[in-house]
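FYI, it's all coordinate maths here, none of it is from the lab. The model shown is predicted, which means the values in this text are computed figures rather than measured ones. Neighbour counts are summed over all protein chains in view; Cβ atoms, including those assigned to glycine, are modelled from backbone coordinates with ideal geometry.
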Amino acid sequence: MKIILSFILMTSLLFPVGGVVIFNDGTTIEGDVIEVNQNSVSITPDGLTFPENILMENIDSLKLYNGEILVANNKVRLLYKNGEFVDPSEIVLSSPDDFEEYDVEYEIVPNWSANLYTGYPILKASSFDYYDDINPVYGLSIGSPWGLFMDDFFMNVISEIAYYDFNVTNNPDYEDFGGLAFQIGLSPGFFIGESSVSLTACTGIYHAGTGFIGGGSFDIPLGSLIMDNFGDADFVSDNEDFFEALEMRLTARANLVQKTEGGSTGWLGAGLSFGYEF
């Protein structure tokens with residue numbers, strides 16, 4: 001065992017100690033492992049410059065890029081600190097303070113997400129009343145892992161493609177108010193338990209010029225609800241990772257869009273979006 005530990009130590013001095021943490025729900029986070037003790041793992045996620053402490057009770061396993069497994073089934077196989085690997089069985093605790101306990105629980109894992117949105121105008125500006133053939137608005141929103149993540153608060157960069165189509169009945173010569181919109185912006189928010197509240201502020205190019213949307217969403221952990229109610233079903237249990245990554249949002253949006261003939265118009269829409277976290 002000592003020979004193996006010596007080899008691992010030499011390897012860790014030559015190469016970065018990178019690894020993958022797999023949570024109990026199947027989600028993962030990759031980065032540089034700073035420390036592993038009996039209570040938690042300290043890791044700097046890829047793309048971030050500061051470490052996060054993850055409680056051991058939330059971790060299924062931790063595997064280094066070189067294949068070495070430090071944590072398996074919530075149990076620590078090897079401790080790691082200051083570039084040294086130690087077998088837990090070789091440590092004799094003199095007091096409960098020999099291992100530091102952390103009060104910080106990892107809440108946010110920066111990742112990619114995709115959301116399909118559909119909504120319908122419920123309040124319209126007076127300049128919008130001219131359009132009496134109203135169709136739902138559709139959109140595809142992509143959330144990135146780039147942003148600010150602190151405890152329960154987050155703010156990340158998002159992009160969106162939206163399609164809208166509003167017409168005038170019995171007036172085919174009138175130019176349709178519709179097309180594709182390409183937008184980019186920010187989405188700040190915070191977690192309330194497993195759910196979260198987020199805001200959206202985006203700007204971009206619409207069919208006749210620039211536009212702006214501002215809105216808010218209440219995120220529901222759809223995957224957790226499915227697992228809690230239907231987790232015993234074979235199909236659901238066999239695809240647990242997929243269902244855990246699903247989410248649903250109740251969304252409201254205010255839209256301000258330029259018109260071809262000049263000026264601008266807008267509407268307030270409400271809708272639903274269904275998403276998946278990668």
**Report entry** Dipole magnitude of the stretch 197-278 about its Cα centre (Cβ charges: Lys, Arg +1; Asp, Glu -1), debye to nearest 20
**Finding:** 920
Report summary line: Note, Lys75: beta-carbon cut-off 14 Å, +1 each Lys/Arg, -1 each Asp/Glu, net -1
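With r as the distance between the Cβ atoms of Asp60 and Asp133 and R0 = 45 Å, compute the FRET efficiency 1/(1 + (r/R0)^6) and round to 0.05. Spell out each step's value before the answer.
Details: r = 53 Å, r/R0 = 1.17.
The value I calculate is 0.30.
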Report summary line: Dipole check, the chain, charges on Cβ (K,R +1; D,E -1), about Cα centroid: among Asn66, Gly179, Ala245 the Cα furthest to the positive pole belongs to Gly179
Report task. Find the centroid of the Cα atoms in the stretch 176-191 and in the stretch 234-274, then give the distance between the two in whole Å. Result -> 10
Query - Debye intensity ratio in log₁₀ form over the Cα atoms of the stretch 113-277, taken at each q of 0.12 Å⁻¹ - result: -0.60
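So what is the calculated 222 nm ellipticity per residue for the chain, using -39500 (n - 2.57) for each DSSP H run with n of 4 or more, over all residues, to the nearest 500 deg cm²/dmol? Don't skip to the end; give the middle numbers.
Working: 4 runs with 32 residues, N = 278.
-3000 deg cm²/dmol, from helical runs alone.
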Report task. With only alpha-carbon atoms counted, please give the Rg and Dmax of the chain, in Å. Result -> 24.7, 86
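Dipole size in debye (nearest 20) for the stretch 113-277 around its Cα centre, Lys and Arg Cβ +1, Asp and Glu Cβ -1? Walk me through the intermediate numbers first.
On the way: 4 positive and 22 negative charges, 166 e Å.
Approximately 800 debye in magnitude.
First select every other residue whose beta carbon is under 13 angstrom from the beta carbon of Pro136; then total the charges, Lys and Arg +1, Asp and Glu -1.
On the way: positive: Arg253; negative: Asp133, Asp165.
Net charge in that neighbourhood comes out at -1.
Dipole magnitude of the chain about its Cα centre, charges +1 at Lys/Arg Cβ and -1 at Asp/Glu Cβ only, in debye to the nearest 20? Numbers along the way, then the final one.
Working: 9 positive and 41 negative charges, 150 e Å.
Here the chain has a charge dipole of around 720 debye.
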